[in-house]
Amino acid sequence: MEKYLGKKNIAIFISGRGSNLKSLIKYSKKKKSLFKIILVISNNTKADGLKYATKSNIKNFGIKYRSKSYFENRSLKLLKQQNLDLLCLAGFMKILSYSFIRKFSKPILNIHPSLLPKYKGLNTHLKALRNNDKFAGASVHKVNQKLDSGKIILQKKVKILKKDNIKSLEKKVLKIEHEIYPKAIEKFLTSL
Ligand code: GRF
């Protein structure tokens, strides 16, 4: 890594609850953290995560998803006003266009609730249970133009027990998400 000078600036995109955002904010406040969160954007103006960002004194915006291009153009403007090193998607439920990825020009990471490359897209826990998988898990990966397909930065697995259902599995995997996302961000930042 280049000589490390202060914390790296990151922006986060969310769509709702924002538990990953919350865990990232908590982690970023630690002295040892290599990053700080300076901007949060949601495509859902009522997202709970926005309230938490406000409480944490982080600049945040809810942008109505009138269309993909409307949302992406508004977001790009806000992102370009900041000196960002990285954008992280955390429970962001929209697919970014290739044009956005190109125009933003900085790296983008995403967290996905499965052991990629297994189960891209939605309903990952249902798919793992239906296939009688022994393990579920979470993956942090780079975002490219193909859904949930960029280079994997970090993964962690968790055992699926006989008694597990979608709800219990979701809970277990979410706990892992909160654990690995800050680690993955730091791993990625130190590899730049
Ligand atoms: C997480 O499981 C995330 O991986 C998925 O959606 C969920 C969002 O959770 N894409 P939260 O908004 O971070 O609480």
- Query: Around Phe13, which amide H atoms from residues at least 5 apart in sequence, or from another chain, sit under 5 Å from its own amide H, with H modelled in the peptide plane?
  - Reply: Ile41, Cys88, Leu89, Ala90
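Within the set Lys31/Lys118; Lys36/Lys151; Lys29/Lys64; Lys77/Lys156; Lys29/Lys167, which residue pairs have Cα atoms separated by over 27 Å?
Values: Lys31/Lys118 36 Å; Lys36/Lys151 23 Å; Lys29/Lys64 29 Å; Lys77/Lys156 35 Å; Lys29/Lys167 30 Å.
Check vs 27 Å cut-off fails for Lys31/Lys118; Lys29/Lys64; Lys77/Lys156; Lys29/Lys167.
Kindly identify segment 1-57 as rounded, prolate or oblate by the Cα gyration tensor criterion: order the square roots of the eigenvalues as a ≥ b ≥ c, call it rounded if a/c is under 1.5, otherwise compare a/b with b/c, prolate if a/b is larger, else oblate.
On the way: a/c = 2.82, a/b = 2.11, b/c = 1.34.
It comes out prolate by the Cα gyration axes.
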- For Gln82 and Lys183, extending 7 Å from Cα along the Cα-Cβ vector and measuring point to point gives, in nm, a value of 2.5
- Full-stretch length increase - Lys159, Lys146 - with 0.36 nm per residue and alpha-carbon distance subtracted: 1.9 nm
- Task: Determine ³J(HN,Hα), in whole Hz, for all residues of segment 29-38 in sequence, where each value follows from phi through the Karplus function 6.51 cos²θ - 1.76 cosθ + 1.60 and θ = phi - 60°; x replaces Gly and Pro.
- Result: 7, 5, 4, 6, 4, 8, 9, 10, 9, 10
- Task: State, as an integer percentage, the relative contact order of segment 59-192 based on alpha-carbon contacts under 8 Å between residues 6 or more apart.
- Result: 19
- Query: Can you give the accessible area per residue of the chain, in Å², using a 1.4 Å probe?
  - Reply: 56
- Simple Cβ-charge dipole of the chain, Lys/Arg +1 and Asp/Glu -1, about Cα centre, in debye nearest 20: 280
- Message: Per 0.36 nm of contour for each residue apart, how much would the distance between Lys118 and Phe135 grow if the chain were fully extended, relative to their Cα-Cα spacing?
- Response: 5.0 nm
- Query: Given the options Ser149, Ser15, Ser67, which has the most mean-square fluctuation in a GNM of the chain, springs set between C-alpha atoms less than 10 angstrom apart?
  - Reply: Ser67
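By its C-alpha gyration tensor, with a ≥ b ≥ c as the square roots of the eigenvalues, how is the chain shaped: rounded for a/c under 1.5, else prolate for a/b larger than b/c, else oblate? Numbers along the way, then the final one.
Numbers: a/c = 1.59, a/b = 1.39, b/c = 1.15.
Here the chain falls in the prolate category.
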- Item | Ellipticity estimate at 222 nm from DSSP helix runs (n ≥ 4, -39,500 (n - 2.57)) divided over the chain, nearest 500 | -11500 deg cm²/dmol
- To the nearest 20 debye, segment 74-185 has a Cα-centred charge dipole, built from +1 on Lys and Arg Cβ and -1 on Asp and Glu Cβ, of 160
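Within segment 1-122, what whole-number % of the accessible surface is contributed by carbon and sulfur, with the 1.4 Å probe and all protein chains included in the calculation? Don't skip to the answer; put the middle values down first.
Working: 3470 of 6510 Å².
Taking all protein chains in place, segment 1-122 shows 53 percent carbon and sulfur surface.
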- Item | segment 75-153-segment 9-51 distance, computed between alpha-carbon centres (Å) | 15
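The values are calculated or read from the model by the stated rules, or taken from the named source; none is laboratory data. Values in this document were obtained by computation on a predicted structure and should not be read as measured data. Reconstructed Cβ throughout: ideal geometry from the backbone, glycine too, with neighbour counts over all protein chains shown. The area values use the complete protein model at the heavy-atom level, side chains included, leaving out ligands, DNA and RNA. Shrake-Rupley method; radii C 1.70, N 1.55, O 1.52, S 1.80 Å.
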